[in-house]
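Below is one structure, written out as structure tokens, with a few remarks after it.
The values are calculated or read from the model by the stated rules, or taken from the named source; none is laboratory data. In this text the structure is predicted, and so the values were computed from the model without any measurement. For neighbour counting, all protein chains shown are included, and Cβ atoms are generated from backbone atoms with ideal geometry for every residue, glycine included.
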Amino acid sequence: MPDLKIGPAIRTRLGRYEIPAADAYRSLFINLADCAEVLASVFPAKRILEVGCGDGSFAQRLLERYQDAEYVGIDVSDQPGRLFRGDSARASFLSIDSSSFRATDPGTFDLVVVVDVIHHVPHHLRESLLRDVRDLTTPGGHYAIKEWEPKPGPAHFACWAADRFITGDRISHVPSAAMRDRLEGLFGDELVLEARIPPHRHNYLLGYRR
């Protein structure tokens, strides 16, 4: 029996209200503008890659703060970036996975970001994804992972339930300490940013210099 996935059914009924509804839903769990602001305050970038860009909501916030940057968003969904309403001259979206994208030799990026993606990825594919992220970062550039701390409580239950039943994915959150240990064990790169993103301290952001 397939997993329950109610997100697409809801979106098809929202019509012109889909963007404000999507923004309102996300704001219950994360302030994307604040996340983009934190990144822009620490990491300069002219070329930005977002792995798992989804509907393009974070892309819009990033380009508002990186006003001279070019952005590429990749995602395995059929229509990545479909809700993007930013500067289309500086943004492109591709329906492709990270390994295939890397194999096309697209060059490297000053900043590579992965926002609330890892917990959707099956465990046996996570190391490969993280290696792709680092390999796509230019030496001396930065990559950043934003994830959700699985601390018990109402906020965590609401986040887990929303992700589980809206996307249909069998999600598995990674504690921040475990994520730091994993990245240090894999690459040994310098951790240069560790932050919490409103409105919940569950939202952790780790940034590394390659």
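Contact annotation: residue pairs with Cβ atoms under 7 Å, 6 or more positions apart or on different chains, pairing a residue in region 166-186 that is closer than 16 Å to ILE145 by Cα with a partner that is exposed (fewer than 15 other Cβ atoms within 10 Å of the Cβ) and of a type in the set (A, V, I, L, M, F, W, C), are ARG180/LEU191. Residue check: ALA144 meets all listed conditions (1) touching a Ser or Thr at 6+ places or on another chain (Cβ under 6 Å); (2) closer than 25 Å to ARG102 by Cα but one, namely (1). Considering region 119-131, the residues that are surrounded by fewer than 22 Cβ atoms within 10 Å (Cβ to Cβ) and in contact with a strand residue (DSSP E or B) (Cβ under 9 Å, 6 or more places away or on another chain) include one that is farthest from HIS200 (Cα to Cα), namely LEU129.
Annotation note: Cβ proximity below 7 Å between a residue of region 103-118 that is in contact (Cβ under 8 Å) with a residue 40 or more places away in the chain and buried (at least 23 other Cβ atoms within 10 Å of the Cβ) and a residue that is among the small types (Gly, Ala, Ser) and not in a loop (DSSP other than H, G, I, E, B) (sequence gap 6+ or interchain) occurs for PHE109/GLY141; LEU111/GLY141; VAL113/ALA144.
Residues that are hydroxyl-bearing (Ser, Thr, Tyr) and touching a helix residue (DSSP H, G or I) at 6+ places or on another chain (Cβ under 7 Å) were ranked within region 171-210; the one that is surrounded by the most Cβ atoms within 10 Å (Cβ to Cβ) is TYR208.
For region 139-170, the set of residues classified as closer than 30 Å to ASP110 by Cβ, in contact with a Gly (Cβ under 8 Å, 6 or more places away or on another chain) and surrounded by fewer than 19 Cβ atoms within 10 Å (Cβ to Cβ) consists of THR167 only. The lone criterion from (1) in a loop (DSSP other than H, G, I, E, B); (2) aliphatic (A, V, I, L, M); (3) modelled with pLDDT of 95 or more left unmet by ILE48 is number (1). The set of residues in region 187-210 that are of a type outside the set (Asp, Glu) and free of Cβ contacts under 8 Å to residues at least 40 places away in the same chain comprises GLY188, LEU191, ARG196. Filter the strands (runs of 3 or more DSSP E) completely within region 83-180 down to those with at least 3 residues that are over 17 Å from the mean Cα position of the chain (by Cα). Strands (runs of 3 or more DSSP E) meeting the threshold: 137-148. Please tell me if ASP34 is under 16 Å from the mean Cα position of the chain (by Cα), among the acidic types (Asp, Glu) and surrounded by 20 or more Cβ atoms within 10 Å (Cβ to Cβ). Spelling it out, it is not the case that ASP34 is under 16 Å from the mean Cα position of the chain (by Cα), among the acidic types (Asp, Glu) and surrounded by 20 or more Cβ atoms within 10 Å (Cβ to Cβ).
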